[in-house]
Amino acid sequence: MTAQIIDGKAIAAQVRAEVAEEVKALAAEGVAPGLATVLVGDDPASAIYVRSKRKACAEAGITAWDHDIDAAISQEELLALVDSLNSDSSVHGILVQLPLPPHIDEDTVVEAVSPAKDADGFHPFNLGRLLAGTGAVVPATPAGVRELLVRSGVEISGADVVVVGRSNIVGKPLAALLFQKADGANATVTVCHTGTKDLARHTRRAGILVAAIGRARSITRDMVASGAVVIDVGMNRTDAGLAGDVDFEAVREVAAAITPVPGGVGPMTIAMLLKNTVALARAAMPGPRAG
Ligand SMILES: NC(=O)c1ccc[n+]([C@@H]2O[C@H](COP(=O)([O-])OP(=O)(O)OC[C@H]3O[C@@H](n4cnc5c(N)ncnc54)[C@H](OP(=O)(O)O)[C@@H]3O)[C@@H](O)[C@H]2O)c1
């Protein structure tokens, strides 16, 4: 078997086109959605991510408010900036790019962003709502993983999903998203991590296997069931370039479908961030609120 390649770039382009339509609809109602991005310091990877996010905003017609801040900013000054964005009615979404410099407490900053403007969906209020199944803003990478599955026609309901990785930004929210009693969910989810005994025993029984580990090519062919759908969240810089967490060339021989790196989950993360921003802009409109 040679796996179908799930084309994240193409699916993300569809989502972005839909976002652009929603931006037009909002404009007709007098709302210009705006996303404020805050980049602290000059971490090269963060700078690349933020640049792509800003470019994607512009393409979708979302106003990007760019804040590039010196790494020496104090926590108080950063919190004051977040506060001013919270009270700026032209800003509908706020994204503070992580990681932050070590002298700044990330949790404090994440919790300072108004939940109503939390474009990343990392605020504990939104994570709690996600767990309760009442959330409107879902962290962009897990939302992108689900969107890839749904739009590729993969049946999630009833599937055995194994997520390798339990970070707060990928593994945990993805598990919470996929086990909900809801459309595009309703799976039986196992979450694996470094405390898991015999990882391969779990990954081999996955109908849908998601790797969010951060170690290049650590999911090997013998760890994947024939006919599984494999979603590779990993983005690892290696001497040979960017590599996923999955040994793509070997695993594609046994999987039914697989995402490449790059061109899989990465473009979806940006598309879902834009989707979150327009959803927040709509939710901020006066009048009866949906959801
Ligand atoms: N495509 C995108 O848009 C996107 C977005 C976010 C992240 N990423 C990429 O996705 C990967 C994961 O990111 P993250 O932020 O979730 O990473 P993270 O915070 O470092 O978490 C990694 C998780 O993998 C687990 N893990 C590590 N080695 C393992 C092993 N040998 N066996 C089983 N579990 C293991 C860790 O377990 P413990 O909890 O026990 O330590 C942890 O839960 C990275 O490559 C990152 O660059 C991509």
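Out of all the residues in region 232-244, is one or more within 21 Å of Glu147 (Cα to Cα), β-branched (Val, Ile, Thr) and part of a loop (DSSP other than H, G, I, E, B)?
Step one: list which residues in region 232-244 are within 21 Å of Glu147 (Cα to Cα), which gives 232-235, 244.
Then drop every residue that is not β-branched (Val, Ile, Thr), which leaves 233.
After this cut, where a residue has to be part of a loop (DSSP other than H, G, I, E, B) as well, the list is 233.
Yes, region 232-244 has at least one match.
The rows are residues; the columns are (1) touching a Gly at 6+ places or on another chain (Cβ under 9 Å); (2) assigned to a helix (DSSP H, G or I).
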{"site": "Ala80", "(1), (2)": "no, yes"}
{"site": "Leu85", "(1), (2)": "no, yes"}
{"site": "Asp88", "(1), (2)": "yes, no"}
{"site": "Pro101", "(1), (2)": "yes, no"}
{"site": "Ile104", "(1), (2)": "no, no"}
{"site": "Val109", "(1), (2)": "no, yes"}
{"site": "Asp120", "(1), (2)": "yes, no"}
{"site": "Phe125", "(1), (2)": "no, yes"}
{"site": "Arg129", "(1), (2)": "yes, yes"}
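Starting from region 143-158, keep only residues that are under 16 Å from Gln4 (Cβ atoms) and without any contact (Cβ under 8 Å) to a residue 60 or more places away in the chain, then list their pairs with residues that are surrounded by 16 or more Cβ atoms within 10 Å (Cβ to Cβ) and aliphatic (A, V, I, L, M) whose Cβ atoms are within a distance under 9 Å, requiring at least 6 positions of separation or different chains.
These pairs meet every condition: Val150/Ile156; Glu155/Leu149.
From (1) over 25 Å from Pro173 (Cα atoms); (2) of a type in the set (Gly, Ala, Ser); (3) modelled with pLDDT of 95 or more, pick out the condition that doesn't hold for Ala240.
(3)
Test each condition in (1) of a type in the set (Gly, Ala, Ser); (2) touching a strand residue (DSSP E or B) at 6+ places or on another chain (Cβ under 9 Å); (3) surrounded by fewer than 17 Cβ atoms within 10 Å (Cβ to Cβ) for Gly207 and report the one that comes out false.
(3)
Within region 207-224, work out how many residues are in contact (Cβ under 8 Å) with a residue 24 or more places away in the chain and out of contact with any Ser or Thr (no Cβ under 8 Å at 6 or more places or on another chain).
Residues that pass the stated criteria total 10.
Scanning region 210-227 for residues that are in a loop (DSSP other than H, G, I, E, B) and within 10 Å of the ligand (Cβ to nearest atom), which turns out farthest from the chain's Cα centre (by Cα)?
Looking at the filtered set, the residue picked out is Ser218.
Mind counting the residues in region 228-254 that are crowded, with 24+ Cβ neighbours inside 10 Å and more than 15 Å from the ligand (Cβ to nearest atom)?
Final tally of qualifying residues: 3.
Pairs only if they're at least six apart or on different chains, beta carbon under 7 angstrom, first in region 226-254 and over 15 Å from Gly264 (Cβ atoms), second within 11 Å of the ligand (Cβ to nearest atom); list them, first residue then second.
Cβ pairs passing all conditions: Thr238/Ala216.
Out of curiosity, is Met268 more than 8 Å from the ligand (Cβ to nearest atom), over 19 Å from Asp160 (Cα atoms) and in a helix (DSSP H, G or I)?
no
Check Gly135 against each of (1) buried (at least 20 other Cβ atoms within 10 Å of the Cβ); (2) at pLDDT 95 or above and name the one condition it does not meet.
It is condition (2) that Gly135 fails.
Of all the residues that make up region 145-174, how many are closer than 16 Å to Val229 by Cα, within 16 Å of the ligand (Cβ to nearest atom) and touching a Ser or Thr at 6+ places or on another chain (Cβ under 6 Å)?
Number satisfying all stated conditions: 1.
Residue by residue through region 34-91, note down the ones that are among the small types (Gly, Ala, Ser), surrounded by fewer than 17 Cβ atoms within 10 Å (Cβ to Cβ) and within 20 Å of Ala20 (Cα to Cα).
Ser52, Ala58, Ser90 - these are the residues of region 34-91 that are among the small types (Gly, Ala, Ser), surrounded by fewer than 17 Cβ atoms within 10 Å (Cβ to Cβ) and within 20 Å of Ala20 (Cα to Cα).
Can you name every residue in region 157-188 that is over 18 Å from the mean Cα position of the chain (by Cα) and β-branched (Val, Ile, Thr)?
Thr188
The values are calculated or read from the model by the stated rules, or taken from the named source; none is laboratory data. Predicted, not measured: the structure shown is a model, and the values here were computed from it. Don't worry about glycine lacking a Cβ; one is built from the backbone with ideal geometry, like all the others, and counts go over all protein chains shown.
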